[in-house]
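Working notes, beginning with the structure itself.
The values are calculated or read from the model by the stated rules, or taken from the named source; none is laboratory data. Everything numeric here is computed off the predicted structure, so don't read it as measured data. Note: ideal-geometry Cβ built from the backbone for every residue, glycine included; neighbour counts use all protein chains shown. What goes into the accessible areas is simple: the full protein's heavy atoms, side chains included, and nothing from ligands, DNA or RNA. Shrake-Rupley method; radii C 1.70, N 1.55, O 1.52, S 1.80 Å.
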Amino acid sequence: MDFVSILSIFVLSCFVGYYVVWSVTPALHTPLMSVTNAISSVIIVGALIAAASAASPAAKWLGLLGVVLASVNIFGGFAVTARMLAMYKKKERPVPQGDKTHA
Amino acid sequence: MHEAAATPAWVLIAYLIAGVCFILALRGLSSPESSRRGNRAGMIGMAIAVVTTLAVHEIASLPEILAAVAIGGGIGLITARKIQMTAMPQLVAAFHSLVGMAAVLVGAAAFLNPGAFGILGPDGIEPVSRIEMGLGVAIGAITFSGSVIAFLKLNGNMSGKPILLPLRHVINLATLAAILGLIAYFTVDQSPWVFWTVAALSFAIGFLLIIPIGGADMPVVISMLNSYSGWAAAAMGFTLHNSAMIITGALVGSSGAILSYIMCRAMNRSFISVIAGGFGGDAVAGGAAAAIDRPYKRGSAEDAAFLMKQADQVIIVPGYGMAVSQAQHALREMGDLLKKEGVRVKYAIHPVAGRMPGHMNVLLAEANVPYDDVFELEDINSEFAQTDVAFVIGANDVTNPAAKTDKSSPIYGMPVLDVEKARTVLFIKRSMGGVGYAGVDNELFYRDNTMMLLADAKKMVEEIVKNLG
């Protein structure tokens with residue numbers, strides 16, 4: 001891909017991001033941060049390429065370390081987001097005021 | 001020999017699908033119902049990106065890679081399971097630092113082994129790639145060291161007090177100029193010293209940028225670092241000609257920028273004034289000293305229970321003090337008991353209550369507070385005037401009427417919750433000595449219709465619960 005195509009993808013994605021993020025409800029801003037954190041770890045793609053090549057041992061080890069760090073984020077980020085969103089789930093069945101018994 | 005030019009079409013399409021999955025992940029967050037589907041879309045997108053990358057490159061070290069994923073993934077999963085919801089701001093800061101560091105490592109690997117990344121031209125690394133690589137490493141390093149400082153401040157290892165170096169603006173601008181100059185110079189001279197100096201200076205400026213920022217501005221800092229981690233990923237995407245990374249980086253970058261903007265607006269502060277730093281130390285402002293002698297009304301848990309039982313409507317205003325004492329569960333219990341008495345109970349949330357955007361919503365969700373009872377500032381502010389009791393639990397600055405009336409106050413102009421309009425204000429606070437994070441005294445404490453409940457938030461709410469039962 002040439003530079004201009006890449007730049008086009010970038011600029012259009014910024015606009016998509018702008019409109020999509022404004023539609024996120026404020027109550028979910030914390031899950032928004034943890035999920036964006038998980039997806040920004042797509043940088044693992046670069047780390048994998050470095051780790052896969054045998055041409056430079058130093059680059060390979062840097063890549064492997066990058067894979068470890070990005071994996072912490074990918075698994076941790078999606079899991080903690082899922083955990084938070086599950087807490088919001090319980091409120092999908094609204095409890096009528098006044099007759100909620102709790103344990 | 002540009003490898004990217006020879007990338008098969010199916011790979012480009014796979015990365016595009018991954019990018020679409022990531023867009024769906026964010027889109028899902030427009031409502032709690034669709035959010036879990038969105039999170040799953042994000043996971044699928046990540047799996048597609050990883051599998052595609054592994055399929056298209058010759059892998060000389062699959063066992064090591066799998067081991068690295070297992071180690072990282074294991075640490076991530078355990079952390080995600082164990083972390084307390086009150087510690088989310090620290091966790092997010094720590095995660096941001098990892099993305100930043102990963103960007104630096106990928107940049108360094110690309111510098112040492114450009115052939116593997118397809119960016120090797122006839123005269124060494126292609127000039128345009130050198131710029132992209134330099135920017136990616138710089139933003140990654142700033143994200144890393146900035147996030148580490150944010151983590152230390154949020155985790156209490158470092159005081160929330162701003163550290164103001166003399167001449168800091170001059171130092172920061174000079175460092176920034178040096179980084180940009182060296183990145184430009186990198187296009188003509190790709191010596192290792194240029195590359196590593198860019199990295200070192202960027203680590204230093206990330207540190208310098210965050211130390212002057214006070215505790216009250218943490219929601220902005222976290223969002224800002226979120227944005228940086230996205231731009232770092234996007235810059236590495238440019239280096240690698242990888243559309244999945246560029247799409248994702250742009251999404252995350254805009255997300256953080258928008259959240260920073262929302263947080264700044266909620267504090268009536270400009271982004272520049274936040275990153276210039278200084279606002280919101282532990283207890284700094286002059287107004288605090290005069291507070292000690294003023295008369296105020298002190299109430300007990302019994303009084304509070306009695307007042308709320310009689311009320312038609314109670315609005316609960318949670319703040320960071322609730323998070324610190326982990327009072328959210330006791331608070332929910334109190335709300336339930338009041339509802340049994342026929343009281344309408346609502347929760348009012350200020351956008352910058354807590355240490356990150358939406359932090360209070362998460363804590364209330366954790367305690368099973370019904371989603372429909374929780375309101376944003378704009379939606380509930382007019383209701384305080386028709387409310388019998390405003391129950392403020394550890395939220396000082398966001399309820400301070402001085403923001404509306406006192407032009408000399410550092411928080412003047414900040415939108416606040418109009419709690420003082422309620423017939424009675426119950427205010428839980430640890431003691432009269434401390435002031436809020438912005439370091440400003442709150443005149444509300446001394447008003448006739450305010451009753452101070454001086455205790456640890458959780459203990460006080462538990463006492464009230466006993467008195468309601």
Exercise. Quick one: pull the percentage of alpha-carbon pairs in the protein assembly as shown with a separation above 31 Å.
Key: 49
Practice problem: Taking H placed 1.01 Å from N in the peptide plane, check which residues at least 5 places from B:Gln313 or on another chain put their amide H under 5 Å from its amide H. | Solution: B:Arg344, B:Asp388, B:Val389
Quiz item: Which one of A:Met33, B:Thr7, B:Ala232 is farthest out on the positive end of the charge dipole of the protein assembly as shown, using unit charges on Cβ (Lys, Arg +1; Asp, Glu -1) and the Cα centre as origin?
Solution: A:Met33
Quiz item: Between segment B:212-242 and segment B:68-98, what is the C-alpha centre distance in whole Å?
Solution: 18
Quiz item: Whole-Hz Karplus ³J(HN,Hα) for segment B:452-467, in order, using 6.51 cos²θ - 1.76 cosθ + 1.60 and θ = phi - 60°, x for Gly and Pro?
Solution: 8, 10, 8, 5, 4, 4, 5, 4, 5, 5, 4, 4, 4, 4, 4, 6
Exercise. Write down the percent of antiparallel bridges among all DSSP beta bridges whose residues are both part of chain B, to the nearest 5.
Key: 10
Self-check item: Heavy-atom accessible area per residue - segment B:1-57, 1.4 Å, Å²
Solution: 47
Self-check item: Computed [θ] at 222 nm, helices only, for the protein assembly as shown once each DSSP H run of length n ≥ 4 contributes -39500 (n - 2.57)
Solution: -20000 deg cm²/dmol
Practice problem: With +1 on each Lys and Arg Cβ and -1 on each Asp and Glu Cβ, and nothing else charged, work out how big the dipole of segment B:337-469 is about its Cα centre, in Debye to the nearest 20. | Solution: 300
Quiz item: What's the long-distance tail for chain B, i.e. % of Cα pairs beyond 29 Å?
Solution: 54
Exercise. Evaluate peptide A:3-11: per residue, the Cβ atoms of other protein chains within 10 Å of its Cβ; return the mean as an integer.
Key: 5
Quiz item: So, in nm, how far is label B:Arg265 from label B:Ile44 when the simple model puts each one 7 Å beyond its Cα toward the Cβ?
Solution: 3.2
Self-check item: For the protein assembly as shown, share of DSSP beta bridges that run antiparallel, in % to the nearest 5
Solution: 10
Quiz item: How would A:Ile49, B:Ile272 line up by accessible area, probe 1.4 Å, largest first?
Solution: B:Ile272, A:Ile49
Quiz item: If you take the accessible area of A alone, add that of B alone, and subtract the area of the pair, what total do you get in Å², probe 1.4 Å, to the nearest 100?
Solution: 8700
Practice problem: Would you tell me the mean number of C-beta atoms belonging to other protein chains that fall within 10 Å of each C-beta in B:33-39, as a whole number? | Solution: 6
Exercise. Leaving ligands, DNA and RNA out of it, work out the accessible area of B:Leu165 with a 1.4 Å probe and give it in Å² to the nearest 10.
Key: 70
Quiz item: Too long at a 19 Å Cα-Cα cut-off: which of B:Lys82/B:Lys153; B:Lys429/B:Lys459; B:Lys309/B:Lys346?
Solution: B:Lys82/B:Lys153
Quiz prompt | Sparsely packed trypsin sites (Lys or Arg not before Pro) within segment B:399-468, loop by DSSP, other Cβ within 10 Å at most 16 | solution = B:Lys407, B:Arg423, B:Arg430, B:Arg447
Exercise. Report, ordered by chain and residue number, the aspartates and glutamates lying within cross-link reach of A:Lys60, taken as a straight Cα distance under 15 Å and ignoring same-chain residues fewer than 8 apart.
Key: B:Glu58, B:Glu64
Self-check item: Where labels lie 7 Å past Cα in the beta-carbon direction, separation of A:Val11 and B:Lys404 in nm
Solution: 4.6
Exercise. Quick one: which residues, 5+ away or cross-chain, put their amide H under 5 Å from the amide H of B:Gln326? H built at 1.01 Å from N.
Key: none
Self-check item: Using a Förster distance of 22 Å, the FRET efficiency for B:Ser61-A:Ala58 (Cβ separation, nearest 0.05)
Solution: 0.95
Quiz item: When all protein chains stay in place, what accessible area (Å², nearest 10, 1.4 Å probe) is found for B:Phe375?
Solution: 50
Self-check item: Potential lengthening between B:Met158 and B:Ser382 on full extension [0.36 nm per residue; Cα-Cα distance subtracted]
Solution: 76.8 nm
Exercise. In whole Hz, with x marking every Gly and Pro, tabulate ³J(HN,Hα) for segment B:213-228 from phi via Karplus 6.51 cos²θ - 1.76 cosθ + 1.60, θ = phi - 60°.
Key: 8, x, x, 5, 8, 4, x, 6, 4, 4, 5, 5, 5, 4, 4, 4
Quiz item: Where does each of B:Arg81, B:Arg355, B:Arg294 land when they are ordered by accessible area, with a 1.4 Å probe and the largest first?
Solution: B:Arg81, B:Arg294, B:Arg355
Quiz prompt | Nearest-0.05 FRET efficiency for B:Leu54 and B:Lys340, computed from C-beta distance (R0 41 Å) | solution = 0.10
Practice problem: Would you please give the FRET efficiency between B:Thr187 and A:Asp2, computed as 1/(1 + (r/R0)^6) with r the Cβ-Cβ distance and R0 = 22 Å, to the nearest 0.05? | Solution: 0.75
Self-check item: Probe 1.4 Å, all protein chains present, accessible-area order of B:Ser159, B:Ser145, largest first
Solution: B:Ser159, B:Ser145
Exercise. Pop out the ³J(HN,Hα) list for segment B:401-410 in order, Karplus 6.51 cos²θ - 1.76 cosθ + 1.60 with θ = phi - 60°, rounded to Hz; leave Gly and Pro as x.
Key: x, 4, 4, 9, 10, 9, 5, 8, 6, x
Quiz item: Between segment B:244-258 and segment B:397-469, how many Å separate their Cα centres?
Solution: 38
Quiz item: When you count, for each residue, the other Cβ atoms within 10 Å and take the mean per peptide, how do B:56-68, B:300-312 rank with the highest first?
Solution: B:300-312, B:56-68
Practice problem: Work out the mean other chain Cβ neighbour count within 10 Å for the residues of B:336-343 and drop it here as an integer. | Solution: 3
Quiz item: Ignoring ligands, DNA and RNA, what percent of the accessible area of segment B:1-57 is carbon or sulfur (1.4 Å)?
Solution: 73
Quiz item: For B:Thr450, which sequence-distant residues (separation of 5 or more, or a different chain) have an amide H within less than 5 Å of its own amide H, given hydrogens modelled in the peptide plane?
Solution: B:Val425
